[in-house]
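**Q** Dumping the structure here so I can ask a few things about it.
The values are calculated or read from the model by the stated rules, or taken from the named source; none is laboratory data. Note that the structure is predicted; figures quoted are calculated from it, not measured. Note: ideal-geometry Cβ built from the backbone for every residue, glycine included; neighbour counts use all protein chains shown. These accessible areas exclude ligands, DNA and RNA; they are computed on the full protein's heavy atoms, side chains included. Shrake-Rupley method; radii C 1.70, N 1.55, O 1.52, S 1.80 Å.
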Amino acid sequence: MRVDILGVGFDNVTMEQAVAEGVRLLHTEGAHYAVTPNPEIVEICRADPEAMEAVNGADLVLADGIGVIYGAKIQGTPLKNRVPGIAFAQKLMERMAQEGDTLFLLGAKPGVAEEAARRLEKTYPGLRIVGTNDGYFQEDEPVVEKIRASGAAVVFVCLGAPKQEKWMRKNGEATGAHLLIGMGGCLDVFSGRVQRAPEIFQKLGLEWLYRVAKEPSRIGRVAKLPLFLVHVAGDRRK
Ligand code: UDP
């Protein structure tokens, strides 16, 4: 059952349940995709019906970020857990490495996905990264073909929101992959170019604060969090 927050339906799952479902999907015929919306993405969806359709059309909608958890609580429909996209991907890669599953990395600036691939293969021995492509391409078709030719079972799609969600909805099937996951800036982190917040910030749900401190230009994006909570509270009154 999904928990609806301002039109976006979140799967009410723990991290373990999410990973188990990811593993199941990657071994299931046909294309599936997962999204990890935070409050900023929910706000984008409210203004962009195509983004809303792409997010709700996903097979797995994971609550990335403490804001979504607060929103669910305000509504009186609490979610079990927050399932940050990056942690979900890490746990999934552990499982993929055990089974020798294949992965394609799509997105970020030229060179980043290759660097991420090198590091991930060291961290997860047994994981097979069968291809990479940067996220600044003009036409979808050659990229789709490259993924199809790689035979990857899983694709990390890191093009930023809502581009990545729309991209997966449109092209997922044609890539031949079984599971595509929209993950924003994760390749920048996996490549080592961007540091994830220290654990204490993660535990307190203050990762957003750390990122703003590092990159003050993100303040406009984070400012959407209070707005999101106001919208949730308003929606509840209705
Ligand atoms: N990006 C991309 N193609 C584009 C626009 C963005 O590959 O056309 C990449 C960008 O380089 C970055 C990621 O998408 O690696 C988005 O990162 P951001 O920090 O905005 O995502 P978040 O994790 O906050 O959703």
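**Q** Looking at region 1-14, which of its residues are under 17 Å from the mean Cα position of the chain (by Cα) and under 14 Å from VAL68 (Cβ atoms)? Spell out how you get there, then give the answer.
**A** Start the filter on region 1-14 by keeping residues that are under 17 Å from the mean Cα position of the chain (by Cα), which leaves 8-14.
Residues satisfying the conditions are VAL8, GLY9, PHE10, ASP11, ASN12, VAL13.
**Q** Follow-up question, since we're still on this one. Does any residue in region 83-106 that is under 17 Å from GLY192 (Cα atoms) and among the polar types (S, T, N, Q) come within less than 9 Å, Cβ to Cβ, of a residue that is open to solvent by 20 Å² or more (accessible area, probe 1.4 Å) and outside any strand (DSSP E or B) six or more places away or on a different chain, and which pairs are these?
**A** Going by the 9 Å Cβ cut-off, the qualifying pairs are GLN90/THR123; GLN90/TYR124.
**Q** So, one more: Quick one: in region 139-172, which of the residues that are more than 22 Å from GLN90 (Cα to Cα), away from the ligand (no atom under 15 Å from the Cβ) and aliphatic (A, V, I, L, M) is surrounded by the fewest Cβ atoms within 10 Å (Cβ to Cβ)?
**A** So, considering only residues that are more than 22 Å from GLN90 (Cα to Cα), away from the ligand (no atom under 15 Å from the Cβ) and aliphatic (A, V, I, L, M), the one surrounded by the fewest Cβ atoms within 10 Å (Cβ to Cβ) is ALA149.
**Q** Here's a follow-up. Within 15 Å of the chain's Cα centre (by Cα) and of a type outside the set (Lys, Arg), is that true of VAL55? Spell out the reasoning first.
**A** Details: within 15 Å of the chain's Cα centre (by Cα): yes; of a type outside the set (Lys, Arg): yes.
It is true that VAL55 is within 15 Å of the chain's Cα centre (by Cα) and of a type outside the set (Lys, Arg).
**Q** Failed condition for PRO110, given (1) open to solvent by 40 Å² or more (accessible area, probe 1.4 Å); (2) touching a helix residue (DSSP H, G or I) at 6+ places or on another chain (Cβ under 8 Å); (3) within 12 Å of the ligand (Cβ to nearest atom), with all others met?
**A** (2) is the only condition that PRO110 fails.
**Q** Same structure again: Go through region 189-208 and report how many residues are open to solvent by less than 50 Å² (accessible area, probe 1.4 Å) and either within 10 Å of the ligand (Cβ to nearest atom) or over 14 Å from the mean Cα position of the chain (by Cα) (or both). Quick ask: steps written out before the conclusion?
**A** Going residue by residue through region 189-208, those that are open to solvent by less than 50 Å² (accessible area, probe 1.4 Å) are 189-192, 197, 202, 205, 207.
Subset that is either within 10 Å of the ligand (Cβ to nearest atom) or over 14 Å from the mean Cα position of the chain (by Cα) (or both): 189, 191-192, 197, 202, 205, 207.
Qualifying residue count, region 189-208: 7.
For every residue, the table says whether it meets (1) under 23 Å from TRP167 (Cα atoms); (2) open to solvent by 40 Å² or more (accessible area, probe 1.4 Å).
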position	(1), (2)
GLY9	yes, no
HIS27	yes, yes
PRO39	yes, no
ILE69	no, no
LYS80	no, yes
GLY85	yes, no
LEU92	yes, no
LEU103	yes, no
